[in-house]
Structures are given as C-alpha cells and as structure tokens.
Amino acid sequence: MKCETAKENILLASYGELPDEYAIPLEQHLDECDDCRSELEALHELDQHLALLPVVEPSPNFLAQAR
C-alpha cells in the first residue's frame, strides 16, 4: 500500500467507514511506515483535544435559514 492510499484509509477508519478488506493492509502498512503511523497518532491526538471542547448547538433560527 502506498502512503497516499494509507492516509486516505486512515481518515476513513477514523470515521468508521473503512471497508473491512482494507483494514489489514492498512495495519500492515502502519507497522512498516513511520510517517503514516505519525499521521494516525496526530489524528488521534486531535480527536482527544476536540473531545474536550463543548458541543455548541446551532440556534433554531440558523437551522431554519440553512434549510
């Protein structure tokens, strides 16, 4: 697997949308590639930081205007 494909698959995996047939090749690539493994770790770190922020709900007026 090339790094470009692996990075796309990392994003898909983070959203839970990576097809099962790509999971093992991605894991194998991550075992061998420091750059892609760093990309995955950075994404996990970002998710952890974002999880600490409060969720802001849009106002009903904004939702009505958006529709």
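General remarks:
- Order by protection proxy (mean Cβ within 10 Å, highest first), peptides 48-57, 22-31: 22-31, 48-57
- With DNA, RNA and ligands ignored, accessible area of residue 38 (1.4 Å probe; Å², nearest 10): 60 Å²
- Computed from backbone phi with θ = phi - 60° and the Karplus coefficients 6.51, -1.76 and 1.60, the 3J(HN,Hα) list for the stretch 2-13 is 7, 4, 4, 5, 4, 5, 5, 5, 4, 5, 4, 5 Hz; x is used for glycine and proline.
- The spacing between the stretch 16-34 and the stretch 42-67, judged by their C-alpha centroids, is 28 Å.
- Residues with amide H under 5 Å from that of residue 18, placed H, sequence gap 5 or more: 13
- Remark: the chain carries 86 Å² of accessible area per residue (probe radius 1.4 Å; ligands, DNA and RNA excluded).
- Positive-end residue of 55, 30, 66, charge dipole of the chain with Cβ unit charges: 66
- Portion, in percent, of the accessible area of the chain that falls on carbon or sulfur, probe 1.4 Å: 54 percent
- Dipole size of the chain about its Cα centre, with +1 on Lys/Arg Cβ and -1 on Asp/Glu Cβ: approximately 480 debye, rounded to the nearest 20.
- Tilt relative to the chain, helix 20-32 - C-alpha long axis, 0 to 90 degrees, to 10: 60 degrees
- Rounded, prolate or oblate (a/c below 1.5 giving rounded, otherwise prolate when a/b exceeds b/c) for the chain by Cα gyration tensor: prolate
The values are calculated or read from the model by the stated rules, or taken from the named source; none is laboratory data. Note that the coordinates shown come from a computational prediction; the quantities given were computed from them, not determined experimentally. When we count neighbours, we look across all protein chains shown, and the Cβ atoms used for this are built from the backbone with ideal geometry, even at glycine. For the accessible areas, the whole protein counts, side chains as well, though only heavy atoms, and no ligand, DNA or RNA atoms are used. Shrake-Rupley method; radii C 1.70, N 1.55, O 1.52, S 1.80 Å.
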